[in-house]
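Here the structure comes first, spelled out in structure tokens, and everything after it is commentary.
All of the numbers you see were taken from the coordinates with simple rules; none came from a lab. Since this is a predicted model, take the numbers as computed values, not measurements. Reconstructed Cβ throughout: ideal geometry from the backbone, glycine too, with neighbour counts over all protein chains shown.
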Amino acid sequence: MRAVIIEDEALSAKRLAKLLKETFPLIEVVAMLESVNESLSWFHDNDYPDLVFLDIQLNDGTGFEILRKLDGYPHIIFTTAYEQYALDAFKFNSIDYLLKPIDKEELLAAINKLEQIHKSEESNYQEKIKALGQHFMPSFRERFLVKVGLQFKSILTQEVAYFSYKDGLSYLHTIDQCLPIDYTLDHLIEELDPKEFFRINRQYIVSLKSVNEIHSYFNSRLLLALSPTTDEEVIVSRERVLNFKIWAGM
């Protein structure tokens, strides 16, 4: 398990890292960060870890500011010297709220909570299948009218391999065409059959038939090889992996 410590007091950060190494040798601390800006820069350039130990009062802002600016975020254990932020921390679905100096037994209890959450996610696998099935729509879009030059072309939904979004435009991809369309991905996913199409991240909605290969990727994500091929890596975001596996029958 990969972990990041965000703490502006160097001694506190080192103490926590040492405590983790002694108590949970399978947890690897991959970064120790001191500020909001440094943390946002690190998250921009690196794959998300599995767990973040997050101080609330940092030298250039608060830990809450970091979470609000991330596109999703890992499991969080707040570490702070102040009790008054507990209610705000709860809003971020944190694993625990530990007061400094961090007690070894309280840290152990927090990590155990995280392990229980992972077990619960696995045990609810079948329930998620049922819940996903209950959201299937009774009827879905069967074709798209796409402008090609000065004409409009009708393309059957079953001919679509995937949809993509780039530089402010949405595109429809078939096996041999890439055409701009006047729909957002948010709009499209509401009109597509969820048995056939799945939104894997903010940039792609893929059809089941377009997925040629599925590979494990950093930070518990998945890397897809699509047909037709793409110029960029197509990655299932971390928060969508479980539902994607259900959808793909993995």
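Taking the Kirkwood radius as Rh and the Cα radius of gyration as Rg, segment 2-123 has a ratio of Rg/Rh equal to 0.93.
Lysine pairs in segment 2-123 whose alpha-carbon atoms fall under 20 angstrom of each other, counting only those eight or more residues apart or on distinct chains, come to 11. Per-residue Cβ neighbour counts within 10 Å put ILE181, ILE6 in the sequence ILE181, ILE6, beginning with the fewest.
Select one label from [x] 21.8, 70; [y] 17.7, 56; [z] 21.7, 92: the one whose number is Rg and Dmax of the Cα atoms in Å as derived from the coordinates shown. Label of the calculated value: [x]. Working note: 222 nm ellipticity from helices only, DSSP H runs with n ≥ 4, each -39,500 (n - 2.57), summed and divided by the residues of the chain, gives -9500 deg cm²/dmol to the nearest 500. Of all the options GLY72, GLY61, GLY168, the one that moves most in a Gaussian network model of the chain with Cα springs shorter than 10 angstrom is GLY168. Computed from the alpha carbon atoms alone, the convex hull of segment 69-120 holds 88 Å³ per residue.
Largest mean-square fluctuation among LEU58, LEU150, LEU185, in a Gaussian network model of the chain whose springs join Cα atoms under 10 Å apart, belongs to LEU150. Ranking of TRP42, TRP247 by neighbouring Cβ atoms within 10 Å, starting from the fewest: TRP42, TRP247.
The lysines whose alpha-carbon is closer than 23 Å to the alpha-carbon of LYS209, local same-chain residues fewer than 8 away aside, are LYS128, LYS130, LYS153, LYS166, LYS195, LYS245. Using the Cβ of PRO228 as centre and a radius below 14 Å, the other residues enclosed give a net charge of -4, where K and R count +1 and D and E count -1.
The mean sequence distance of close C-alpha pairs (under 8 Å, at least 6 residues apart), as a share of the length of segment 2-123, puts its relative contact order at 22 percent.
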